[in-house]
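Student: Quick one: this structure, given as structure tokens, is what I'll be asking you about.
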Amino acid sequence: MKIEFDRDTCIGMFQCVDEWDGFAKDLDDGKADLLDSEETDEDVFVAEIPEKEAFDAQYAARVCPVDAIRVYDDDGEQII
């Protein structure tokens, strides 16, 4: 399972940070950071979701007020 984060879309509400340890606050930029991720496009970051953290990662995506976070299953289908 993978998570994709569009940092440019992020407005810094940090709800994702509250729900999953895979995100951290960047108070200098006023945006979240997706930890242990790779930038695949300008301001778009992707990371693998550890199986035991799948529920929290999915919830972090659901609570994002601007839909900056997407989750994909192992087949590449978007589930959130």
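What follows is calculated from the coordinates using simple rules that are stated; it is not laboratory data. Keep in mind the model is a prediction, meaning the values are calculated, not measured. Please note: Cβ atoms are built from the backbone with ideal geometry, for glycine as well, and neighbour counts cover all protein chains shown.
Student: Applying the selection to the range 9-41, what residues are within 20 Å of Q78 (Cα to Cα) and out of contact with any helix residue (DSSP H, G or I) (no Cβ under 7 Å at 6 or more places or on another chain)?
Tutor: If the condition is that a residue be within 20 Å of Q78 (Cα to Cα) and out of contact with any helix residue (DSSP H, G or I) (no Cβ under 7 Å at 6 or more places or on another chain), then T9, C10, L34, S37, E38, E39, T40, D41 are the ones that fit.
Student: Read through the list (1) in contact with a Leu (Cβ under 9 Å, 6 or more places away or on another chain); (2) in contact (Cβ under 8 Å) with a residue 12 or more places away in the chain, then give the number of the only condition that Q58 fails.
Tutor: So the condition that Q58 fails would be (1).
Student: Kindly list the number of the only condition in (1) under 17 Å from Q15 (Cβ atoms); (2) in contact with a Ser or Thr (Cβ under 7 Å, 6 or more places away or on another chain) that fails for L35.
Tutor: Tallying (1) under 17 Å from Q15 (Cβ atoms); (2) in contact with a Ser or Thr (Cβ under 7 Å, 6 or more places away or on another chain), L35 fails exactly one: (2).
Student: Restrict the check to the range 29-49 and report whether at least one residue is out of contact with any strand residue (DSSP E or B) (no Cβ under 8 Å at 6 or more places or on another chain) and on the phi > 0 side of the Ramachandran plot.
Tutor: Checking the range 29-49: at least one residue is out of contact with any strand residue (DSSP E or B) (no Cβ under 8 Å at 6 or more places or on another chain) and on the phi > 0 side of the Ramachandran plot.
Student: Name the residues in the range 42-53 that are farther than 18 Å from D73 by Cβ and not β-branched (V, I, T), would you?
Tutor: Filtering the range 42-53 for residues farther than 18 Å from D73 by Cβ gives 42-45.
Of everything in the range 42-53, those that are farther than 18 Å from D73 by Cβ and not β-branched (V, I, T) turn out to be E42, D43, F45.
Student: Let me ask something else about it. Residues that are surrounded by 15 or more Cβ atoms within 10 Å (Cβ to Cβ): which strands (runs of 3 or more DSSP E) entirely in the chain hold 2 or more of them?
Tutor: 2-6, 23-26, 31-34, 44-48, 69-72
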